[in-house]
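The values are calculated or read from the model by the stated rules, or taken from the named source; none is laboratory data. What you are looking at is a predicted structure, and each value in this text was computed from that prediction instead of being measured. Please note: Cβ atoms are built from the backbone with ideal geometry, for glycine as well, and neighbour counts cover all protein chains shown.
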Amino acid sequence: MEKLIVISAPSGAGKTSIVHYLLKEIPSLSFSISACSREKRIKEINGKDYCFLGIAGFKKKIEENKFLEWEEVYENQYYGTLKSELQRIWNEGKTVIFDVDVVGGLNIKKQYPKKCLSVFIMPPSVDVLRERISSRGSESEEMIEKRLNKAEEEISRNQEFDSVILNDDFDIACKEAKHLITNFIKS
């Protein structure tokens, strides 16, 4: 059966690192590359980390109904999942894994309630998030504050997910996620 795994968390909670671990550990998973309107960061690769569309390109895909889900996360910063990504991965006979924000994750779960396992990665605290986001060195103080305000809102929605994993110890969080996902794929 075609299945989907949604990994969601506030920015800085470790979801991307956990997804990278899962992709190495579970060969039947394939990463759904999200589309976004923002500029790429240093070390990011178009078509691997994200599909960088720019604002105009993203809006054109919205008009063409090419998205499974999309959201304007911050003003003129759009993120979404192209429908073509699901087909690409399912055609390979694999399970789709998403690294998406909370609203996007819940939107996917709503569309595929039986085929989807949604997992929320809980940060140890907002202070830890601040430290992690600041250490990236890619965000202004204003953007860090926006991300932290959004994080508090996202954390308040964690119970809407099938499972919540606390990421206060990265190795333990990874093993919990692997166990949970492996069992879901086999079911």
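Across the range 57-79, which residue is surrounded by the most Cβ atoms within 10 Å (Cβ to Cβ) among those that are free of Cβ contacts under 8 Å to residues at least 24 places away in the same chain and part of a helix (DSSP H, G or I)? Don't jump to the end; show me each part of the working.
Filtering the range 57-79 for residues free of Cβ contacts under 8 Å to residues at least 24 places away in the same chain gives 57-60, 62-66, 72, 75.
Checking the rest, the ones that are also part of a helix (DSSP H, G or I) come to 57-60, 62-63.
Working: Gly57: 13, Phe58: 24, Lys59: 15, Lys60: 12, Ile62: 13, Glu63: 7.
It comes out as Phe58.
Could you say which residue among Ser11, Ser17 is among the polar types (S, T, N, Q), more than 16 Å from Val103 (Cβ to Cβ) and surrounded by 14 or more Cβ atoms within 10 Å (Cβ to Cβ)?
On the way: Ser11 fails: more than 16 Å from Val103 (Cβ to Cβ).
Just a single option satisfies the conditions, and that option is Ser17.
Look through Ser135, Ser163, Ser140 and report the one residue that is more than 27 Å from Glu25 (Cβ to Cβ) and not acidic (Asp, Glu).
Ser140
Kindly check whether there is at least one residue in the range 172-181 that is under 30 Å from Gly93 (Cβ atoms) and surrounded by fewer than 15 Cβ atoms within 10 Å (Cβ to Cβ). Spell out the reasoning first.
The initial filter retains those residues of the range 172-181 that are under 30 Å from Gly93 (Cβ atoms), namely 173-181.
Right, trim to surrounded by fewer than 15 Cβ atoms within 10 Å (Cβ to Cβ) and you get 175, 179.
Yes.
Against the condition surrounded by 18 or more Cβ atoms within 10 Å (Cβ to Cβ) and closer than 20 Å to Phe161 by Cβ, how does Leu29 come out, does it pass? Walk me through it before giving the result.
On the way: surrounded by 18 or more Cβ atoms within 10 Å (Cβ to Cβ): yes; closer than 20 Å to Phe161 by Cβ: yes.
Taking the combined requirement at face value, the residue satisfies it.
Cβ contacts < 9 Å: first residue free of Cβ contacts under 8 Å to residues at least 40 places away in the same chain, restricted to the range 144-167; second residue part of a helix (DSSP H, G or I) and among the small types (Gly, Ala, Ser), any location; separation 6+ or different chain. Result?
That search, which allows pairs on different chains as well, returns Ile144/Ser134.
Which one of these is surrounded by 11 or more Cβ atoms within 10 Å (Cβ to Cβ) and more than 27 Å from Thr182 (Cβ to Cβ): Ser118, Ser134, Ser140? Explain how you work it out, then say what you get.
Numbers: Ser118 fails: more than 27 Å from Thr182 (Cβ to Cβ); Ser140 fails: surrounded by 11 or more Cβ atoms within 10 Å (Cβ to Cβ).
Among Ser118, Ser134, Ser140, only Ser134 is surrounded by 11 or more Cβ atoms within 10 Å (Cβ to Cβ) and more than 27 Å from Thr182 (Cβ to Cβ).
Being within 18 Å of Gly104 (Cα to Cα) and in a strand (DSSP E or B) is the filter; apply it to the range 42-56 and report the residue that is modelled with the lowest pLDDT.
Tyr50
Report the residue count in the range 110-137 for those that are among the aliphatic types (A, V, I, L, M) and at positive phi. Quick ask: steps written out before the conclusion?
Taking the range 110-137 first, the residues among the aliphatic types (A, V, I, L, M) are 117, 119, 121-122, 126, 128-129, 133.
Within this subset, residues satisfying the condition of being at positive phi are none.
So the count comes out to 0.
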